[in-house]
Amino acid sequence: MSSLPAAWAGIVNRFSTLPHSKCRRQECSEEVLAVEQPSVPAVGELHLENAPNRPSPPPAARAGASGLNDCEACSFEGNRLLAAKRYEEAIAVYERALQLKPNACYAWQQRGEAMRRVRRYAEAIASCNKAIEFSANPISRYQALNAKGALLFELQLYEEAIGVYNQSLAIFPNGMGSLHIMEMKGMAMSKLERYDEAEALFEKVYHKAVEVAASTAGFAGRLAAG
């Protein structure tokens, strides 16, 4: 039998990190496997400043750094530099954005991501904390917490990462990214050798993933039926 679709495959495979032979779920029904699942949004994707229906970049952002006279333009330019792996330049542009708007949650978060890329970890954590502090709504706070949790996990600060993931899950326990966050929490527990807790959480994530896939299949079937 084939493996789960790519969006969910990692969840099932995390069982192999645990030392319990019973904790191995590598397969599920063909009905579930046939459904292509949507990917989890990337960090920052759900910020209001970076939402799918956000308008095109202003002319200043398209023109480059010379026209960076507002926070939004700086954010677009910083993202462009970040994608181009020009991290130090991106940091400078995000800092320009924060000079213009010191409480810009998204700029703080993206500055933290750029700092992470150049391994300036203390500054990255500080930026994440500022993003959380200035989050203006549950979505931006959720995304800022996820960014901090991923950073703490990377730094092997697993207890702290679990605490941050718990805060994130408290905001949107059934959100699109909740399965991934629960998976990361379970991985952190496994790293701490809290295997029983990790196993229980992976079991919960697995069954929830199968449930979501099955419900998606049913919805797709109803749409096809007209």
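Under the condition of being closer than 18 Å to LEU152 by Cα and surrounded by fewer than 22 Cβ atoms within 10 Å (Cβ to Cβ), the residues counted in the range 188-212 number 5. Taken over the range 146-171, the criterion of being open to solvent by 10 Å² or more (accessible area, probe 1.4 Å) and polar (S, T, N, Q) is satisfied by ASN146, GLN156, ASN166, GLN167. Screening GLN143 on (1) outside any loop (DSSP other than H, G, I, E, B); (2) in contact with a helix residue (DSSP H, G or I) (Cβ under 6 Å, 6 or more places away or on another chain) shows it passes everything except condition (2). Among the residues making up the range 80-100, those that are in a helix (DSSP H, G or I) and open to solvent by 50 Å² or more (accessible area, probe 1.4 Å) are ARG80, ALA83, GLU88, GLU89, ALA92, GLU95, ARG96, GLN99, LEU100. Is it true that some residue in the range 66-73 is surrounded by 12 or more Cβ atoms within 10 Å (Cβ to Cβ) and at pLDDT below 50? No: the range 66-73 contains no residue that is surrounded by 12 or more Cβ atoms within 10 Å (Cβ to Cβ) and at pLDDT below 50. When SER135 is tested against (1) outside any loop (DSSP other than H, G, I, E, B); (2) more than 17 Å from LEU155 (Cβ to Cβ); (3) without any contact (Cβ under 8 Å) to a residue 40 or more places away in the chain, just one condition goes unmet, and that condition is (1).
Among ASN174, ASN103, which is open to solvent by 60 Å² or more (accessible area, probe 1.4 Å), farther than 16 Å from SER75 by Cβ and free of Cβ contacts under 8 Å to residues at least 40 places away in the same chain?
ASN174
The values are calculated or read from the model by the stated rules, or taken from the named source; none is laboratory data. Since this is a predicted model, take the numbers as computed values, not measurements. With ideal geometry, Cβ positions are generated from the backbone for all residues, glycine too; neighbour counts draw on all protein chains shown. Surface areas here come from the heavy atoms of the whole protein model, side chains and all, with no ligands, DNA or RNA. Shrake-Rupley method; radii C 1.70, N 1.55, O 1.52, S 1.80 Å.
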